[in-house]
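Reading through the C-alpha cells given below for one structure.
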Amino acid sequence: MKKPTIVSGFSKLSKRGKIRWLVENFFTNPEEVARELKSFWYGDPQKQKIFDDFSENTVSNFYLPYGVVPNLEINGKLYCVPMVIEESSVVAAASAASKFWLKRGGFKAEIIATHKIGQVHFDWKGDYTKLHALFPIIKKRIHDDTAHITSNMRERGGGISNIELVDMTHLEDNYYQLKMTFETCDSMGANFINSTLEEASRSLRAFVNEEPTLVGTEKELTIIMAILSNYTPECLVRAWVECPVDELGTFDNGNMDSATFAYKFDKALKIAHIDVHRATTHNKGIFNGIDAVALATGNDFRAIESCGHTYAARDGKYKSLSSATIENGIFKFWLDIPLAIGTVGGLTSLHPLAKRSLEMLGNPSAEELMMVIAATGLAQNFAAVRSLVTTGIQQGHMKMHLMNILNHLEASEKEVILVLSHFKDKLVSFTAVRDFLNLLRNNASPELKMK
Ligand code: MEV
C-alpha cells in the first residue's frame with residue numbers, strides 16, 4: 001500500500017474514477033483489484049444503479065450468503081424463512097431447531113404492543129408551570145401543524161398516538177422533552193417519525209413566539225434536537241415453544257435423557273440471567289437469527305440490535321432475552337423482544353432480494369414479520385443452547401466450517417471428497433485438515449495432484 005493521500009472531490013468522481021483512485025493508492029496490483037471490484041457488480045446496470053443509490057461512494061457490492069430455513073411453523077402456519085448470514089452453521093442450526101419443534105407443536109408467537117417513540121429535546125429557562133399549564137394547547141398545535149405529514153399514516157390507522165411533556169431538570173439544568181408515541185402500521189417509520197418530530201419542534205418554537213402569555217420568553221427556549229428513539233420497549237413480540245419434558249426425546253446419540261436435558265437447558269438459561277459474560281454470548285446467539293432475517297427482509301439490523309441490548313438491560317443489569325421454565329412436567333422456552341421493523345418502505349421493496357424474501361414469507365404485515373423474526377431468534381437460541389448442554393457446539397460448527405477451511409487451502413474437488421469422508425467421524429480443526437491435506441498431496445496419485 002502506498003502512503004494514503006488526502007483526496008478532495010472524491011464523491012464527484014465517476015464510479016470508475018473512484019475505483020481508479022482507490023486501486024492506484026491502496027493496492028500493489030491495481031488492475032487485478034479493479035477487475036475484482038467490477039466483477040461483483042450486478043449484471044444488469046439498471047439494478048446496479050439501485051444498489052449504488054442506497055449509499056455513497058459505492059464502488060462494488062459486498063456479497064453475503066442468502067440461505068433459507070424451511071419448516072418453521074409459527075401459530076400453525078408453515079414458513080420458509082430467508083436468512084442473510086456469513087457464519088457457518090447458523091442456518092443449519094435454525095433448520096434443525098425448526099424441525100425439532102415441528103414435531104412438538106411448532107412455535108407460537110403474539111404481539112404485545114407496537115408503539116414507537118420519538119423525542120424533541122429542548123432547554124426551557126422560563127417558568128415551567130406556565131409551559132405545563134399551556135401544554136394541552138401546545139399538544140393540539142403540534143397535532144395541527146404536523147397534520148400534513150401524518151395524514152397518510154392516519155388514513156392507514158397510524159400517526160401520533162400520544163405527546164407528553166417530560167421534565168428532566170432533576171438530571172440536567174433546564175432540560176425538557178416532548179416525548180411522542182407513534183403507530184407506523186407496516187412501515188418501520190423512521191423517516192415518518194423524524195419528519196414529524198422536526199415539524200413538532202418548529203411548532204413548539206412558533207407557539208412560544210406567538211403565545212401572548214409567553215411574550216418576552218422567546219429566548220428561553222432552545223431546541224436541542226429532534227430524533228426517534230431506537231429503544232422501543234413497547235414495540236414488543238413474544239415467541240415461545242413448549243412440550244412435556246418426556247416428549248423432548250433423547251440427546252447426544254441417546255446418551256442423555258429428556259429430564260437431564262431439560263435440567264441442563266434450564267440451568268443454562270438461569271446462568272444467562274445471572275452472569276453478564278454468558279448473557280452477552282447467549283443473546284448474540286439470538287441475534288444470529290434475528291439479524292439474518294432482518295437483513296434478508298431489508299430491515300435495519302443495527303436499530304434492532306441496539307434496542308434489543310438496551311431491553312436486555314432494562315432492569316439495570318444486562319441479562320438473557322430468553323427464559324425457560326419446567327413446571328408440572330412442562331418444558332417452556334420463550335423470548336420477549338422489541339422489534340421495530342417494517343414490511344413496506346425503506347429497502348423492503350427496493351432491494352430485489354428483500355422483496356423476494358417478503359414474497360417467500362407470504363408478504364406479511366409488520367406484526368406477522370415481528371413474529372417470524374422473534375421465532376427465528378428463539379429457534380437459533382434453542383439450537384445453540386441444545387448443542388452447548390449436550391455435545392458442545394464445536395462438533396457441528398467445525399463440520400460446517402470444514403468447507404471454509406478447504407476453500408482456504410484451495411482443495412480440489414477430489415480432495416474435498418476425500419477430506420469430507422475422512423473427517424466424517426473425526427474432530428475437525430484447521431491443523432488436522434491441513435495436515436491430512438498435506439499427506440494427501442504428498443502421497444497422492446498423479447490424478448489427485450492435478451487441481
Ligand atoms: C455463536 O455465533 C453463537 C453461540 O455462541 C451462542 C451461544 O453461546 O448461545 C453458539
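The values are calculated or read from the model by the stated rules, or taken from the named source; none is laboratory data. All of these numbers come straight from a predicted model, not from anything done at the bench. For neighbour counting, all protein chains shown are included, and Cβ atoms are generated from backbone atoms with ideal geometry for every residue, glycine included.
Brief remarks on what is shown
- Any hit, region 301-317, residues being in contact with an Asp or Glu (Cβ under 9 Å, 6 or more places away or on another chain), modelled with pLDDT of 95 or more and in a loop (DSSP other than H, G, I, E, B): no
- Here residue 152 passes the criteria (1) in a helix (DSSP H, G or I); (2) under 28 Å from the mean Cα position of the chain (by Cα); (3) surrounded by fewer than 14 Cβ atoms within 10 Å (Cβ to Cβ); (4) touching a residue at least 40 places away in the same chain (Cβ under 8 Å) except the one numbered (4).
- Screening residue 293 on (1) surrounded by fewer than 20 Cβ atoms within 10 Å (Cβ to Cβ); (2) within 16 Å of the ligand (Cβ to nearest atom) shows it passes everything except condition (1).
- Boolean, residue 236 is part of a helix (DSSP H, G or I), modelled with pLDDT of 95 or more, within 28 Å of residue 300 (Cα to Cα) and out of contact with any helix residue (DSSP H, G or I) (no Cβ under 6 Å at 6 or more places or on another chain): no
- Residue 265 vs. criteria in a strand (DSSP E or B) and either buried (at least 19 other Cβ atoms within 10 Å of the Cβ) or within 16 Å of the ligand (Cβ to nearest atom) (or both): no
- Set 402, 361: member being aliphatic (A, V, I, L, M) and under 30 Å from residue 437 (Cα atoms): 402
- Taken over region 272-297, the criterion of being farther than 22 Å from residue 94 by Cα and free of Cβ contacts under 8 Å to residues at least 12 places away in the same chain is satisfied by 275, 277.
- Any pair with Cβ under 7 angstrom, 6 or more apart, that starts in region 383-411 at a residue that is within 20 Å of residue 289 (Cα to Cα) and polar (S, T, N, Q) and ends at one that is within 14 Å of the ligand (Cβ to nearest atom) and part of a helix (DSSP H, G or I): 387/396
- Flag for residue 376 being away from the ligand (no atom under 16 Å from the Cβ), of a type in the set (Val, Ile, Thr) and either outside any loop (DSSP other than H, G, I, E, B) or surrounded by 20 or more Cβ atoms within 10 Å (Cβ to Cβ) (or both): no
- Test: residue in region 379-388 that is at pLDDT 95 or above and either more than 14 Å from the ligand (Cβ to nearest atom) or assigned to a loop (DSSP other than H, G, I, E, B) (or both): no
- Of the residues making up region 96-136, those that are surrounded by fewer than 21 Cβ atoms within 10 Å (Cβ to Cβ) and either within 16 Å of the ligand (Cβ to nearest atom) or in a helix (DSSP H, G or I) (or both) are 96, 99, 100, 102, 128, 129, 130, 132, 133, 134, 135, 136.
- Restricting 392, 346 to residues that are at pLDDT below 95, more than 16 Å from the ligand (Cβ to nearest atom) and farther than 23 Å from residue 106 by Cβ narrows the list to 346.
- The single residue among 415, 368, 410 that is surrounded by fewer than 19 Cβ atoms within 10 Å (Cβ to Cβ) and away from the ligand (no atom under 16 Å from the Cβ) turns out to be 410.
- A count restricted to region 184-227 and to residues that are in a strand (DSSP E or B) and either within 30 Å of residue 343 (Cα to Cα) or among the acidic types (Asp, Glu) (or both) stands at 4.
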